[in-house]
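Here is the structure we will look at.
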């Protein structure tokens, strides 16, 4: 075979090989970039879930102003936070459900938390709210008895919030490590 034909045949082959290599590297780069974006999105969702959990923890705290209103007749500075039905948790719970929708165990915990919050509202928050709104001055013994009855529910709320927070923190750490690996 003449040398000119041999060189002419190798040049297109080398060019095609380099082109295939370049396309392969681009595909690998796009895949890694997509993995990095997904990792960042998941980490952001964990951060948002942790922030919503902190908000729920704050909203589920015993209403001190209401307790004082019922115990000693102290005026309430502002209307109860949340919707007209006195449930300030519905919007944060809906956000939390959306953020943990991809994790069945977390969804189950959110449902358990929702039931515990409703029970807390029935046992403690609503009776205080009704008595305060009616202008009843029932004394601290009444408020303490309400709290004793509702205390196991409050403990359950704290446990559910802590479990959700622990799981989300663990997922956040995993996702941050995945993001580092993708980088």
Next on the checklist: As a footprinting exposure proxy, order 132, 16 by other Cβ within 10 Å, with the fewest listed first.
Outcome noted: 16, 132
Checklist outcome for this item: Ranked on Cβ counts within 10 Å of their own Cβ, fewest leading, 124, 142 go 142, 124
Item to check | Among [x] 29.2, 110; [y] 35.0, 131; [z] 17.8, 58, the entry that matches Rg and Dmax of the Cα atoms in Å as calculated here | outcome: [x]
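I need the calculated FRET efficiency for the pair residue 57 and residue 23, taking r as the beta carbon distance and R₀ as 41 Å, to the nearest 0.05.
Once the sixth-power term is evaluated, E becomes 0.20.
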Next on the checklist: Could you list 146, 126, 113, 11 so that the one with the fewest beta carbons within 10 Å of its beta carbon is first and the one with the most is last?
Outcome noted: 11, 126, 146, 113
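Report the FRET efficiency, 1/(1 + (r/R0)^6), for residue 48 and residue 14, where r is their Cβ-Cβ distance and R0 is 35 Å, rounded to 0.05.
Values: r = 51 Å, r/R0 = 1.46.
Computed FRET efficiency for residue 48 and residue 14: 0.10.
What FRET efficiency, computed as 1/(1 + (r/R0)^6) with R0 = 30 Å and r the Cβ-Cβ distance, is obtained for residue 105 and residue 32, rounded to the nearest 0.05? Intermediate values should be presented prior to the final figure.
Values: r = 29 Å, r/R0 = 0.98.
FRET efficiency, residue 105 to residue 32: 0.55.
Bear in mind these aren't lab numbers, they're just calculated from the coordinates by the rules spelled out. Note that the coordinates shown come from a computational prediction; the quantities given were computed from them, not determined experimentally. Virtual Cβ from ideal backbone geometry, glycine too; neighbours counted across all protein chains shown.
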